[in-house]
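Encoded as structure tokens, the structure appears first; notes follow it.
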Amino acid sequence: MDTDLHRVANAHQLSAVQEAYAFIDNRIRSGVYAAGQRLVADDIAAELSMSRMPVREAFRRLAGDGVIMLRANRGAIVTSLGEQDVREVFEMRAALEGLAAGNAVARIKPSQMRDLELLLERMEEANLEHQTWVTRHREFHEYLTDLAGMPRVSRQIAVLHTVIEPYMRVWVSREVNSMQSKACHEHILEALRTGEREVVEQALRTHVLSTIPPFAGCLPPGV
């Protein structure tokens, strides 16, 4: 009986940690928690109606992802990126998303191609709704890379999106052409239709890397 209760308690704790992790991750991606902001475990725990322990464990996991930093006597701080950091994130995304998309070629089904086409349509329908566009852009990229069936790679890609997404939201609100990317994403679908792994990998890498110059040029002052 004691063993069963211990197992239930652990499962509940894990669920609470996952809830806290997802909550904080979403707040960072959406820009509610800004770069450099101090996060207080007690405040987040109160908002989620849970104890501090799951929140602190979520902090440790997010710090391992590089999304926040844990500082002595200051607690958790949302990571700030400089221009070189931004370039590194995009270069990592290019390598990993190219790898994942290449592996997806042999696995992708016609129904999943239709899903990607629909995701692209939804992204374009966002038009000048900047924040919606960023969310749907992420959905398109993560749906494609998840098709590879490589959970560790998908996990790392998701972390990279979390780190860069707040800056993406600033970028699209300042740079009109940043959302006029239908042709670029259609090129990815065209590459997938060839069924050639190398073509798909190159298409993804080129697409992600081509974002660096305009993105870096629109970073907020001081970044």
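Once you keep just the Cα pairs under 8 angstrom separated by 6 or more residues, what percentage relative contact order results for region 68-154? Before the final figure, lay out each step's value.
Numbers: 55 pairs, mean separation 26.9, N = 87.
Here the relative contact order equals 31 percent.
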Three-way shape call for region 32-100 based on the alpha-carbon gyration tensor, with the a/c threshold at 1.5: prolate
Dipole magnitude of region 70-163, debye to nearest 20 (Cβ charges: Lys/Arg +1, Asp/Glu -1, about Cα centre): 460 debye
Electrostatic dipole magnitude of region 89-142 [Cβ: Lys, Arg +1; Asp, Glu -1; Cα centre; debye, to 20]: 240 debye
Max mean-square fluctuation residue, GNM over the chain, Cα-Cα springs under 10 Å, options Ala106, Ala20, Ala148: Ala106
Simple spin-label estimate for Ala63 and Lys182 in nanometres, 7 Å along Cα-Cβ: 4.7 nm
FRET efficiency for Ala216 and Ala34, using Cβ-Cβ distance with R0 set to 25 Å, rounded to 0.05: 0.80
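Placing +1 at every Lys and Arg Cβ and -1 at every Asp and Glu Cβ, with all other atoms neutral, what dipole size does the chain have around its Cα centre, in debye to the nearest 20?
440 debye
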Max mean-square fluctuation residue, GNM over the chain, Cα-Cα springs under 10 Å, options Ala104, Ala72, Ala35: Ala72
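Counting Lys +1, Arg +1, Asp -1, Glu -1, what net charge surrounds Gly149 among other residues with beta carbon under 13 Å of its beta carbon?
On the way: positive: Arg107, Lys109, Arg152, Arg155; negative: Asp146.
Surrounding charge for Gly149 is +3.
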Pair Glu190, Thr132: separation of 7 Å Cα→Cβ label points (nm): 2.8 nm
Environment charge of Val78, counting only residues whose C-beta is closer than 10 Å and scoring Lys/Arg +1, Asp/Glu -1: +2
Percent RCO, i.e. relative contact order, over region 32-108, from Cα pairs under 8 Å lying at least 6 residues apart: 30 percent
Computed E for Arg114/Arg197 - FRET, C-beta separation, R0 22 angstrom, nearest 0.05: 0.55
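What do you reckon, how do Thr79, Thr162 stack up by accessible area (1.4 Å probe), largest on top?
On the way: Thr79 30, Thr162 5 Å².
Sorted descending by solvent-accessible area, the residues read Thr79, Thr162.
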Spin-label pair Glu121/Glu47, simplified geometry with 7 Å Cα→Cβ offset, distance in nm: 3.6 nm
Length-normalised contact order for the chain - Cα pairs under 8 Å, 6+ apart - percent: 25 percent
Exposure ranking of His185, His130 by accessible area [1.4 Å probe, largest first]: His130, His185
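For the chain, what does the accessible surface come to per residue with a 1.4 Å probe? Please give it in Å². Provide the component values of the computation, followed by the final result.
Details: 11760 Å² over 223 residues.
On a per-residue basis, 53 Å².
The values are calculated or read from the model by the stated rules, or taken from the named source; none is laboratory data. Remember, predicted model here, so these are calculated numbers, not experimental data. Glycine gets a Cβ as well: all are built from the backbone with ideal geometry, and neighbour counts include every protein chain shown. Ligands, DNA and RNA are stripped out before the accessible areas are found, and what is left, the full protein with its side chains, is counted by its heavy atoms. Shrake-Rupley method; radii C 1.70, N 1.55, O 1.52, S 1.80 Å.
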